[in-house]
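The values are calculated or read from the model by the stated rules, or taken from the named source; none is laboratory data. Predicted model only: the values in this text are computed from it and were never measured. Positions of Cβ are backbone-derived with ideal geometry, glycine not excepted, and every protein chain shown enters the neighbour counts. Just the protein is used for accessible areas: all its heavy atoms, side chains included, with ligands, DNA and RNA removed. Shrake-Rupley method; radii C 1.70, N 1.55, O 1.52, S 1.80 Å.
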There are 2 protein chains.
Amino acid sequence: MKSFKIALAQFSPVVGDIDANVQKMIDQANEATKQNADLIVFPELSTIGYRAEDLFLRPSLTKRSENAFKALSQVKNIVMVFGFVNQTEDGQRYNSAAVMKDGQILGIYNKQNLPNYSVFDEKRYFSEGHQHLVFEYLGHKFGVLICEDVWSLPTVQQLARLNVETALVLNASPYEVGKPQHRVATMSELAKQLNINLVYTNQVGGQDDLIFDGTSFVVSNSGTVATQAATFKEELLIAEYEIENKAFKQGSIAPALDTMAEIYQSLVVATRDYVTRSGFPGVILGLSGGIDSALTLAIAVDAIGADKVQAVMMPYTYTAQISVEDAAEQAKNMGVTFGIAEINPIVNSFMQTLYPFFGNSPADATEENLQARSRGTLLMGLSNKFGNLVLSTGNKSELAVGYCTLYGDMVGGFAVLKDVYKTIVFELAKYRNSISETPVIPERVITRPPSAELRPDQKDQDSLPAYDVLDAILYAYIEEDVSQDNIIAKGFDKDVVEKVIKLVDRNEYKRRQGAIGPRITSRAFSRERRYPIVNGWKPGI
Amino acid sequence: MKSFKIALAQFSPVVGDIDANVQKMIDQANEATKQNADLIVFPELSTIGYRAEDLFLRPSLTKRSENAFKALSQVKNIVMVFGFVNQTEDGQRYNSAAVMKDGQILGIYNKQNLPNYSVFDEKRYFSEGHQHLVFEYLGHKFGVLICEDVWSLPTVQQLARLNVETALVLNASPYEVGKPQHRVATMSELAKQLNINLVYTNQVGGQDDLIFDGTSFVVSNSGTVATQAATFKEELLIAEYEIENKAFKQGSIAPALDTMAEIYQSLVVATRDYVTRSGFPGVILGLSGGIDSALTLAIAVDAIGADKVQAVMMPYTYTAQISVEDAAEQAKNMGVTFGIAEINPIVNSFMQTLYPFFGNSPADATEENLQARSRGTLLMGLSNKFGNLVLSTGNKSELAVGYCTLYGDMVGGFAVLKDVYKTIVFELAKYRNSISETPVIPERVITRPPSAELRPDQKDQDSLPAYDVLDAILYAYIEEDVSQDNIIAKGFDKDVVEKVIKLVDRNEYKRRQGAIGPRITSRAFSRERRYPIVNGWKPGI
C-alpha cells in the first residue's frame, strides 16, 4: 500500500475521429506520467467520443478499436482507464471501459445501466453488462463505473460491498443549467453514504446540440470534494491519494460559475466547437438591432474572435432608424465586419411577381414572411460565396410558438439561442455587458419593447403575451409536462394558455426543419422532445 | 367447441386522437357484430395510434385510456382485442393489448419484445412484459402477441407450447418495398413450423414519415393463407374458423401488388394522409419540366384530387423552352391549376443587392442557389397566402449527395420522393404512364437527360456519376453499410466512390433541415439513420 496519483483527463474528443482522439489520449497519458500520476481516467467512450450515434453501428468499428488499442499499448508506466465500443464475438456490443497498463489489458468493464430517455438512445446501440470490474493496484482496490451506472444506487452499492475503496467513473454527462453543481452535490452525498471515493472524469466540449461541461472531480468517502476541474475547459486534473490519511489530499477546486456566466460560457463553447470542427472559416449573421441578434453576435465573437465574424443589417421600410443605429453600434463595439443591405428592391420584386396570383388580397403574414425570406436568402448568398456559416438568432420562446419564419430568420447551420428562453436572453445580455468595461450591447436594445419590425409599429406583444408570462407557460408545458388545465389552474389566463399551447403543438413542423442549437435545459427542442407532426392529441387534462 | 368468425380491423388511426380512434373502433366492432363475428382484433396501440412518440409519456394518458375503456365497454356481444398504453400502479408503462367482452376485461397482455432499432424507440417508452396471455373462448384456445413478439421465435414457441391454437397478433408494422409479401411468407412458415394459426391485424395509413400498408391476414397452422386484406386500404376482414375442419375457411385474398404499383400507392397514401390530417385545403408545388416534379404532381393528384393541386412553373434565363412546354403539358394532363412566374427580376434584385459584397468574384453555386431560393420563397408566399401545403419534389439520390438547395428546392412540408432513388423515380414515372389511357408525363420528360437548369446547358451528370452508378453506390453505403474500401472492391471507380461518400457524409446538416417524407426503404433519411453533423469519422475500412 502506498500513496498514488490519479489523473482525470477532462478532454474534448472529436466524435468519430478515433485516430485523433487516441493521439490526444496518448499525449495526456504521457503528460500525466511526467506529473508522476499512477493512473489516468478518461471520459466515457473516449476513443470515439460521445454521442457518436449510428457510428456506433459501423461494421469497421471493431477493426478501428483494435488499432486504437495498438496505439494506446505504447503508453508505458501508467494505468489507463478509457472508454471504447466493445464488440464481442457473440455479436453483442457494449459501452465499455478498458483498464490497460504497458499494453496489457488488465480488465474490461461493460456498462450496466444504459440510459434510453431524454437525449439518450443507448439501448439502440448497446447491450447491458452484468458484472462489476474490480482490480487491485498499489495495494488499493479500484472499481470501474460508466456514467449512468453511478446514478443507480444498487449498482454502486454492489461495488461498495465488494470492498472497493475508489470507483473510477467515466462520463459523458451533458450540460444543463445548474447540472455541474448538482452532479458534484449528488456524488458527494453518495460517496459519504456508501463510504467510497469517487473519481469522476467527464467529457468537455460541444457536440452538435450537446454541450459537455467537464467539471470533473474527486470526492472522498467522507463526502468532501478533494479536487475539481474547471467547467467548459480541457484540463488534466491530478488527484493525490495519501496513504497516511487513507484519503485524497485536498487539491485545487475550480470555482463554480454563476448561472448566467455558466449559460453564457456553455453557448460560447458550443458555438466554437460547432464552427471550428465543421471547418468553417467564420460565421455570418443578420443584425436586426434587436436583442437576440445582439447577444448572438457577442457569443460568436467570444467564441471565435471578431475577425471571423461578419454582421449584416438588412433594413426594410418598417425598420426603425434606431434599429440601424443600434446594429451599427453593436458591430462597432464588438469590432466585426459590418454591412448594410436594404431589402426593399427584393421584396418589391417578389410582390410584383406574386401580384398576378395575389390580386388585391389583403396583406397578412405572407408579406412579412417575404421580408424574412429575402433576408434569409441574402445571408445564405453571402455564406455560399465566402464560406462563413450562418448563425441563426431565434430564441426558444419564439421557436416554441412559431413566432419565426421558416426559410427566413430560421436559416442557418447553428441556432445559438435555440434553447434559451427570451427572459433569459435579457439576463444574458445584461451579464455580457457586465463583464466588459463598456457595455457591448447598447442599453436601449435591452430596454426597447421587442419587435420583429415586419409591420408598421409592430411589437412582439401585439401577438404574444408578455414574455415573462409566455415563458412561464412554456416552461410548465414543455419542461414540466403540465397539462393545459393544470396551467390554467395555476392562475394563468385561459385564453392565453390555450393559444400558447395550440401554437406549440402546431409548430412542430417548423421546429423539425430548424437548425440544431446548443441544449441548456432539460427539455430542448432536440432528440429529447419527439412529437409527431400529424398529431390529433387534444390539449386539456 | 364451435365454429367462429374473427374480424380483423385494418384501420387507420389518427395518432393522438384517442376519442376519434375509439369511436372508429366502436363502429368497426358494431359492424363486425352485424357480420356475426365473435371476436375483433385491432392493430397495435389502436387507441392512440402508432407511432405516437413522446405522447406515450404524457401524464394524462392514464385518464384518457380510462375514458377509452369506458367508451369501448358499451360494445356488446363481441370479444374485442385492442391495443393501449398500460400504465400500472408500480410506475411501469407497457405496450399492451386488452381482451374485453361486454365491458369486462378478460385479460391484459404486455408486449414482451420491444424493438429499439431502425425507426423504433420502444424502450424509450415501455417496459418489457414477461408473461403470456392465453384465454379460451368458444372452446378454442387463443393467445395474444404484439408485433415484434411474433418475430421472436422463442416467444411464439412458448405460446405454442401452451397449446394455443390461434395467436391474435396486433401490429403496427411499417411498410418497406416488398414487406407485405415478406411478412405473409414469413408468418406462413412460422405458423406451419409451430402448428399455430396466426391472425395478423396491421395498421394502415400514413403517419408522418411512416406508411402502414395493412395487408392483414390469417394463416392456418398448415401454412396456408386463409384470407388477406388489401394493401394500403382500410378494411374489415372477416375470417371464419370451421370446427368441422379445425381450420380457417379459405376466404378472399387481396391480390399482391407489383413492386412499382406498391411503391406508387404507398406514396399516394402517405401524401393523402399527411395533407388531409394536417388540415391543409390542398397542395402547391413547383413544376420544373423535369421528372421529379412531374411524378410528384401525379402522386399529389392521385392522393387528393386535381382540384386541390396547384402547380407553378418558375422559369429563369437557363430554363429551356421545352421545360416550360412540358410543365404546362403535365399540368394540363393532370387537370390542375397552373401558373407561370418568371424569377428573373427577383434574381436580379438579389444580385444587385449582393453586388457591393460580391464585387467581381466569379459566379459559382451561390448564383444557382439564388435561383432555387427565389423559387422556394415564391412557393412559400403562395402557400402562406392561400393555405396550400408546399410539396417538396427532391429525390433520395439528390438528398443523399446534397444535390439540392437548402431553403430553395428543399422548401416544403412534405417531401414525397424523399426516400425514392432517382432510378426508381424513372420506373415510377413509366408505371404511372402505363395506368392511364394516355401518358400523363410527357415521354421526353422521361428520356431527357436530367438537369437542374441552374447554369447554361447544365446536366446532372456534369457533377454526378450516371444515376445507375450513383444509386448503386448509395444503396451499398446507406442501405447495406458497405464501407468505402469494399464498394471500390466491387469494381466501382475509386474517385467516384470517394466523392460520393464524402458528399453523403458532408450533407447531413442539409438533410437534417429537410422536410419529412414517406419511408419506403429499410434505411430512409429519418429516425433510422442518426448521424452526428460534426463528425470526424474517416471513410475507408
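Observations on the structure shown:
- Entries in A:502/B:24; A:179/A:308; A:179/A:418 that, when Cα-Cα distance is taken, lie over 21 Å: A:502/B:24; A:179/A:308
- Across the identical copies, the label point of residue A:352 (7 Å from Cα in the Cβ direction) is separated from its matches by 0.8 nm, in order from shortest.
- Annotation: extensible slack from residue B:430 through residue B:495 equals 20.2 nm (criterion: 0.36 nm per residue apart, minus Cα-Cα distance).
- Of the GluC sites (Glu not before Pro) in the range A:48-137, the ones in a loop by DSSP (not H, G, I, E or B) with at most 10 other beta carbons within 10 Å are A:89.
- Relative contact order, whole percent, for the range B:443-506 stands at 20, derived from Cα pairs under 8 Å and 6 or more residues apart.
- Put A:499, A:101, B:332 in order of accessible area, highest first, and with a 1.4 Å probe you get B:332, A:499, A:101.
- Residues of the range B:3-35 with amide N under 14 Å of the 7 Å Cα→Cβ point at residue B:76: B:30, B:33-34
- If both residues of a DSSP beta bridge must be in the range B:4-255, then about 70% of such bridges are antiparallel.
- Whether the range A:35-82 is rounded, prolate or oblate, judged on the alpha carbon gyration tensor where a/c under 1.5 counts as rounded: oblate
- Shape call, the range A:335-404: gyration tensor on alpha carbons, a/c limit 1.5: oblate
- Between B and A, accessible area buried - total, square angstrom, nearest 100, 1.4 angstrom probe: 7500
- For the range B:370-432, the fraction of 1.4 Å probe accessible surface lying on carbon and sulfur atoms is 56 percent.
- Here the simple spin-label model places points 7 Å from the Cα toward Cβ, and for residue A:105 and residue A:162 these points are separated by 1.7 nm.
- Cα centroids of the range B:495-509 and the range A:71-130: 30 Å apart.
- Size check on the range B:2-140: the Cα extents along the three principal axes, sorted descending, read 42, 30, 30 Å.
- Pairs from the table (B:34/B:101; A:123/A:538; A:123/B:111; A:63/B:123) lying more than 21 angstrom apart at Cα are A:123/A:538; A:63/B:123.
- Seen from all directions on average, the range A:4-257 presents a Cα convex hull projection of 12.1 nm².
- Largest-first principal axis extents, alpha carbons of the range B:87-215, Å: 40, 39, 29
- When all alpha carbon pairs of the range A:260-358 are counted in 10 Å bins from zero, the resulting P(r) reads 15, 38, 27, 15, 5, 0 %.
- Here the simple spin-label model places points 7 Å from the Cα toward Cβ, and for residue A:348 and residue B:361 these points are separated by 2.7 nm.
- Cα-projected label distance for residue A:117 with residue A:31, points at 7 Å along beta-carbon direction, nm: 3.7
- What the Cβ-Cβ distance of residue A:447 and residue A:332 gives, at R0 = 25 Å and to the nearest 0.05, is a FRET efficiency of 0.80.
- Percent RCO, i.e. relative contact order, over chain A, from Cα pairs under 8 Å lying at least 6 residues apart: 12
- Just the protein heavy atoms count here, and of the accessible area of the range B:4-255 at 1.4 Å, carbon and sulfur take up 47 percent.
- Computed as a quarter of the hull surface, the mean projected area of the alpha carbon convex hull for the range B:197-291 stands at 8.0 nm².
- Contact order relative to length of the range A:4-257, as percent, for alpha carbon pairs under 8 angstrom and 6 or more apart: 20
- Label zone at residue A:1, where the point sits 7 Å out along the Cα-to-Cβ direction: the range A:136-158 residues whose backbone N lies under 17 Å: A:136-143
- Interface residues, the range A:110-132 - accessible area loss of 30 Å² or more versus chain alone, probe 1.4 Å: A:116, A:123, A:124
- Acute angle (nearest 10 degrees) that the helix B:494-506 long axis makes with the longest principal axis of chain B, alpha-carbon atoms: 70
- Cα long-axis angle, helix A:61-72 against chain A (0 to 90 degrees, to the nearest 10): 60
- Principal-axis tilt of helix A:259-277 within chain A, Cα atoms, nearest 10 degrees: 90
- Each residue was assigned an accessible area with a 1.4 Å probe, and for residue B:234 the value is about 90 Å².
- Cα-Cα separations in the range A:66-162 greater than 21 Å, expressed as whole percent: 38
- Cross-link reach list, aspartates and glutamates versus residue B:141, counting only Cα pairs under 15 Å and skipping chain neighbours closer than eight places: B:38, B:165, B:242
- Anisotropy class of the protein assembly as shown from Cα gyration tensor, a/c 1.5 cut: oblate
- Over all other residues within a Cβ to Cβ distance under 13 Å of residue B:177, the charged ones net out to -2, with Lys and Arg as +1 and Asp and Glu as -1.
- Accessible surface computed residue by residue for chain B, with neighbouring protein chains in place and a 1.4 Å probe, gives 35 Å² per residue.
- Members of the range A:359-383 that become less accessible by 40 Å² or more once partner protein chains are added (1.4 angstrom probe, chain alone as reference): A:366, A:373, A:377, A:378, A:380, A:382
- Directionally averaged shadow of chain B, computed from the convex hull of its alpha-carbon atoms, nm²: 27.8
- Buried on assembly, the range B:404-448 (at least 30 Å² less accessible surface than by itself, 1.4 Å probe): B:407
- Solvent-accessible area of the range B:469-514 (1.4 angstrom probe, protein heavy atoms only): carbon and sulfur portion equals 48 percent.
- Accessible area (Å², 1.4 Å probe, nearest 10) - residue B:423: 50
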